Amino acid sequence: MASPDIPVNSPAEDDELTRRDVMLIVAGGFAAVGGTMALWPLLDQMNPDASTLSLATTEVDVSHVEPGQALTVMWRGKPIFIRHRTDEEIAKAKDAPVDDLPDPLARNANLPDSALASDDNRAAKDREPWLVMIGVCTHLGCIPKGQAVGDYRGEYGGWFCPCHGSQYDTAGRVRIGPAPENLAIPPYKFVSDQKIKIG
Amino acid sequence: MTAHPSSYEPKSGIARWLDARLPVARVMHDQFMVFPTPRNLNYWWTFGGILTFMLAVQIATGIVLAMHYVPTEADAFDSVEKIMRDVNWGWFLRYSHAVGASMFFVAVYIHTFRGLYYGSYKAPREVVWILGVLILLLMIATAFMGYSLVWGQMSFWAVTVITNLFSSLNAIIPGLGTTLVEWIWGGFAVGGPTLNRLYALHYLFPFIIAGVVVLHIWALHVPGNNNPTGIDVQSSRDTVPFHPYYTIKDGFALVAFVLLFAAIVFYAPNFLGHPDNYIPANPLQTPPHIVPEWYFLPFYAILRAIPNKLLGVIALMSSIAILFFVPWLDTSKVRSTRYRPIYRWFFWAFVVTCVALGYLGSQAPEGWYLILGRLFTAYYFAFFLLVMPLVGRMEKPSALPGSITEPVLQSSEGSRKLAPAEVA
């Protein structure tokens, strides 16, 4: 470490650690650690700020959503798909063997991460007709079609992403296409028969 | 900078005073006036100057646009329309900036293909090439961020799709991609904070590009220019001073280029853009068909050719990153493709591939388009990973001329009196 041109305080062998070496290492280490720590605020300022985090819950009135209808609301800047499913749609979702799904996990924030993607684990708890999901394609973030009347819903009758052709079934599980995961289910609960609290 | 001795002589007392303190006039004289430049450079060599001009145009128009643009979710789109309708000459400045970005890419792609054709990346110009690829990467980032600022439907969804590419890291470490993307967004979706930071960085990046351009030219001026024969300069007979020979040639090419630029700005300013970007951003509705600007289409086609999300992103990144390794992938002893009879066919097949990928990137990835997209993507990578190393070893190059001057004088026999190096 010590430059041979600089006289050292005590006579020492070339490979021996001198007082000057120690000071150099300590000072250099201090500057490196301090410099790295000072970078953190510069990086962390980019993370979602307090005002963004404070928009964490939304309450939605779903009393007017009849079977077969859907509602889209915003939560944290993302669309939330709420669908009141028909008996036929539920039956179709139940028929799909979970083992054959591209993504066998429920992706339900209200259940453990390991929960499987059965229709029960995807639908609202004890309210099978209701499906509440983040309406963002898990491929590259487009909004799938299927909420509006007359939208093309893909071969499985759920949702169809126009960007790269991913198709989701009536439980929001990916069935075809580049999307790697089922549509995510946000943390939510029914606070009454008419109201859902998301977040 | 270079081995040749300085020939600058200060002509006044002030010049002598400054030269002893900051020899900036000496550097300009040595590097841009008398700099010995191969006498046989063709018009493909004029794009370096054109690119420097385009960078200046983008910075100048960009700074004045920034005086009127408002980088907020609510006002961004309207402020762009205000620039178009209310600001004095706003339409001209914005169209120049938007079309300018396209023209910048036209020039940089020609410049890159010229370097590939004439082997300008080969020793001793590897660092020139690497800095050039770095500039290309910075240009891609800058153009992407600039496009987002319009905050139209295509802007918004391009940002959504491209930033979501990073979420593919979830396939390696669950949660890493999401954390990274939310850090980039400053929220849980693309929104106001995202726009504001893209604006800040869009203003910064051109100046970083300008800095790397200085290094690029510096690195170029150490060995000097390559030339169409690819053989080294042997004597002063092979070179002419940069001024007036190449200032005039570059100037003429620049005028022709600017004519095309102006024709588009004045007669077809939206020809290269997408009409959906005149619809304000709507986070609840994805346009039926998302396409990037034309200059990103080949890379977009590569992304979509791969059916796996993570591998698609890796292919996209690799398609540009692979350029960094070209100096070592090409094993040929001969620089210029002019003397490489077999490689020449592969080279033009590569050019066709890039154009074809550009077309395929604009089409829906279905049926034949998808199959062709995969074939051309395969050739894109095979060109670098198989053709460059193998053809370089196996091919027998045709005979090289004895010097740079020899073919010049042969091709201008009958008008020999015009050969400048002999007059000089």
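The values are calculated or read from the model by the stated rules, or taken from the named source; none is laboratory data. Please read these numbers as outputs of a predicted model, since none were measured by experiment. With ideal geometry, Cβ positions are generated from the backbone for all residues, glycine too; neighbour counts draw on all protein chains shown. For accessibility, only protein heavy atoms count, side chains too; no ligands or nucleic acids. Shrake-Rupley method; radii C 1.70, N 1.55, O 1.52, S 1.80 Å.
Structural remarks
- Loop-located trypsin sites (Lys or Arg not before Pro) in the range B:72-116 whose Cβ has at most 16 other Cβ within 10 Å (DSSP): none
- Take each residue in A:42-48, count the other chain C-beta atoms within 10 Å of its C-beta, and the mean is 4.
- All distinct Cα pairs of the range B:136-271 go into the 1/r average, and the inverse of that average, the Kirkwood radius, is 19.2 Å.
- Computed with a 1.4 angstrom probe on protein heavy atoms, the A-B interface buries about 2100 square angstrom of accessible area in total.
- Its Cα gyration tensor gives the range B:297-351 an equivalent ellipsoid. The semi-axes, each the square root of 5 times an eigenvalue, are 28, 13, 8 Å from largest down.
- Here the Kirkwood formula puts the hydrodynamic radius of the range B:265-424 at 19.4 Å, using every distinct Cα pair.
- According to the Kirkwood relation over distinct C-alpha pairs, the hydrodynamic radius of the protein assembly as shown is 28.6 Å.
- Equivalent ellipsoid, the range B:244-298 (semi-axes from 5 times Cα gyration tensor eigenvalues, Å): 37, 13, 8
- Each pair of Cα atoms in chain A enters the Kirkwood radius, and Stokes-Einstein at 10 °C and 1.306 mPa s then converts it into a translational diffusion coefficient of 78 µm²/s.
- Net charge dipole size for chain A [Lys, Arg +1 and Asp, Glu -1 on Cβ; Debye, nearest 20]: 860 debye
- R0 of 30 Å, Cβ-Cβ distance B:ILE172-B:ILE63: FRET efficiency to nearest 0.05: 0.15
- Rounded if a/c under 1.5, otherwise prolate or oblate - the range B:45-114, Cα gyration tensor axes: prolate
- Cα-Cα separations in the range A:83-130 greater than 17 Å, expressed as whole percent: 32 percent
- For the range A:26-122, the dipole from Cβ point charges (+1 on Lys and Arg, -1 on Asp and Glu) about the Cα centre works out to 400 debye, to the nearest 20.
- Degrees separating the helix B:90-117 axis from the principal Cα axis of chain B, which is the longest one: 50 degrees
- Isotropically averaged projected area of the range A:138-199, using the convex hull of Cα atoms (one quarter of hull area), nm²: 4.9 nm²
- Using only the C-alpha atoms, the convex hull of the range B:1-127 corresponds to 200 Å³ per residue.
- Computed over the Cα atoms of the range B:174-241, the ratio of the radius of gyration to the Kirkwood radius (Rg/Rh) comes to 1.37.
- Within 10 Å of the Cβ of each residue in B:344-357, the mean number of Cβ atoms contributed by other protein chains is 0.
- For the range B:1-88, chymotrypsin sites (Phe, Trp or Tyr not before Pro) meeting the loop criterion (DSSP other than H, G, I, E, B) and having at most 10 other Cβ atoms within 10 Å: none.
- Distance from the Cα centroid of the range B:186-265 to that of the range B:115-170 is 15 Å (rounded to whole angstrom).
- Dividing the Cα radius of gyration of the range B:200-321 by its Kirkwood radius returns 1.09 for Rg/Rh.
- Overall shape of the range B:320-385 was characterised from the C-alpha gyration tensor. The equivalent ellipsoid obtained from it has semi-axes of 27, 13, 9 Å, in decreasing order.
- Take the Cα of B:PHE113, step 7 Å toward its Cβ, do the same at B:LEU201, and the gap between the two points is 3.0 nm.
- Share of carbon and sulfur in the accessible area of the range A:101-199 stands at 51%, probe radius 1.4 Å.
- Mean separation of Cα contacts under 8 Å (6+ apart) over length of the range B:255-326, as relative contact order %: 18 percent
- Cα-based shape type of the range B:25-85, given that a ≥ b ≥ c are square roots of the gyration tensor eigenvalues and the cut on a/c is 1.5: prolate
- Residue order for B:SER235, B:SER79 - accessible surface, 1.4 angstrom probe, largest first: B:SER235, B:SER79
- Placing unit charges on the Cβ atoms only, positive for Lys and Arg and negative for Asp and Glu, gives chain B a dipole magnitude near 1060 debye about its Cα centre.
- Cysteines of the protein assembly as shown lacking any other cysteine Cβ under 4.7 Å from their own Cβ: B:CYS354.
- The smallest convex shape that holds all Cα atoms of chain B, its convex hull, gives 185 Å³ per residue.
- For chain B, the longest principal axis of the C-alpha atoms and the axis of helix B:126-148 are separated by about 30°.
- Note on A:142-149: average number of Cβ atoms from other chains within 10 Å of each residue's Cβ is 3.
- Between helix B:176-185 and chain B: long-axis angle, C-alpha atoms, 0 to 90°, nearest 10: 90 degrees
- For the range B:139-194, average projected area of the Cα convex hull in nm²: 3.8 nm²
- Helix-only mean residue ellipticity at 222 nm for chain B, each DSSP H run of n ≥ 4 adding -39500 (n - 2.57), per residue, nearest 500: -19000 deg cm²/dmol
- Taking only Cα atoms of the range A:115-158, radius of gyration then Dmax in Å: 12.1, 33
- GluC sites (Glu not before Pro), loop per DSSP, at most 16 other Cβ atoms within 10 Å - longest free stretch of chain B: B:1-365
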